[in-house]
1. Can you tell me how many residues in region 159-179 are of a type in the set (A, V, I, L, M) and either without any contact (Cβ under 8 Å) to a residue 40 or more places away in the chain or exposed (fewer than 15 other Cβ atoms within 10 Å of the Cβ) (or both)?
2. Scanning for something in a helix (DSSP H, G or I) and at pLDDT 95 or above, does region 184-201 turn up at least one residue?
3. Looking for something under 25 Å from Trp185 (Cβ atoms), touching a Leu at 6+ places or on another chain (Cβ under 6 Å), of a type outside the set (Lys, Arg) and crowded, with 18+ Cβ neighbours inside 10 Å - is there at least one such residue anywhere in region 89-101?
4. Looking at Arg97, Arg34, can you tell me which residue is of a type outside the set (Val, Ile, Thr), in a loop (DSSP other than H, G, I, E, B), within 14 Å of the ligand (Cβ to nearest atom) and out of contact with any Asp or Glu (no Cβ under 7 Å at 6 or more places or on another chain)?
5. Considering only residues that are of a type in the set (A, V, I, L, M) and touching a residue at least 40 places away in the same chain (Cβ under 8 Å), look in region 31-53 and name the one that is nearest to Leu3 (Cα to Cα).
6. Name the single residue, out of those in region 55-88 being more than 16 Å from Ala138 (Cβ to Cβ) and crowded, with 16+ Cβ neighbours inside 10 Å, that is farthest from the ligand (Cβ to nearest atom).
7. Just checking, which of Arg119, Arg150, Arg162 is within 15 Å of the ligand (Cβ to nearest atom) and not small (Gly, Ala, Ser)?
8. Conditions: (1) modelled with pLDDT of 95 or more; (2) more than 30 Å from Leu93 (Cβ to Cβ); (3) in a loop (DSSP other than H, G, I, E, B). Arg162 meets all but one. Number of the miss?
Amino acid sequence: MLLDYVATVGLGIFCYLADALMDVSFIRQNTILRAITDNAAHGIIAAWSWAIAIGLSINWKTASEIFLCFICSSGLDVDHFIAARSIKLKDALALNRRPFLHATSLILFLFFVTVIVVRYMPLSVYHKMKYLPYIFLAASLSHHFRDGYRRGLWFAPFGSSRPLPYTLYVSLTMVLPWILIYLMWITESERKIKKSKILLNV
Ligand SMILES: [Zn+2]
């Protein structure tokens, strides 16, 4: 448990370091290098968050989940290219509206729908897929929080919040894995209660 807390503090420190790195002049002045650094930071923060959410237990299965979380978070910005209908970084960065995967409301909606869908799947499928909605949530929300300190959170169709204060963005990032642990615990307990009720009725 102590290691989980240390990793959470480490996650917060990493957020500061990643943003400090973005401010280094040769990275700031190079668009491609800036995009790569920003993308890698999104991916590492998401992967780190998921590692904490699964109690830092590393094996082949959890390592693939951590990698998936990294890919989802750094890949989230692909919507800039889809919205710009171009594969050029210049066009993707020149977008004058926020692309769809950056709508926090859409992500939360998709999360709840997938949790419900996975929950009612046969037990064998459920055990294989039960963490996917949470990996998706960790990847997306950690990405949104980080973007949020520059542009705020976007709750389409209602509008956007103001840019998040920097300490709030770091705090939300540090709290996210613990919220995921709680949400996974609730879903697991509910599923167990439901299963035991079925067994009792047999
Ligand atoms: Zn983004």
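The values are calculated or read from the model by the stated rules, or taken from the named source; none is laboratory data. Just so we're clear, the structure is a prediction, and the values are computed from it rather than from any experiment. Glycine gets a Cβ as well: all are built from the backbone with ideal geometry, and neighbour counts include every protein chain shown.
1. Qualifying residue count, region 159-179: 5.
2. no
3. No, that holds for no residue.
4. Arg97
5. That would be Ile52.
6. That would be Ala84.
7. Being within 15 Å of the ligand (Cβ to nearest atom) and not small (Gly, Ala, Ser) holds for just one of Arg119, Arg150, Arg162, which is Arg150.
8. (2)
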